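**Student:** First, the structure itself, so that you have it in front of you.
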Amino acid sequence: MAAIAKDVIDSRRLLLFYHVAKTGSLSRAEASLYIPQPAISRHISRLEEDLGVQLLGRHAAPRRTARPGR
């Protein structure tokens, strides 16, 4: 059962990524979701680790999706 769970992407992480990509900002996603920025950032980083790609640009303001995140 643990092997199956490892292959499933956490839908909460996908939702957080979607909100950041849609709003273009961690702070705007934080305001609409009522989740602190560090938690959003941590979830997106783990999603990127799970997928093996960088989804968001780290130095862009507003936050832009990287090519794999589009």
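**Student:** Mind checking the full-extension length gain between Lys22 and Ile35? Use 0.36 nm per residue of separation minus the Cα-Cα distance, one decimal, nm.
**Tutor:** 3.1 nm
**Student:** For the stretch 18-54, which trypsin sites (Lys or Arg not before Pro) are in a loop by DSSP, counting at most 14 other Cβ atoms within 10 Å?
**Tutor:** Sparse-neighbourhood loop trypsin sites (Lys or Arg not before Pro): none present.
Where a number appears in this text, it was derived from the coordinates with a stated rule and is not lab data. All values derive from a computational prediction rather than experimental measurement. Positions of Cβ are backbone-derived with ideal geometry, glycine not excepted, and every protein chain shown enters the neighbour counts.
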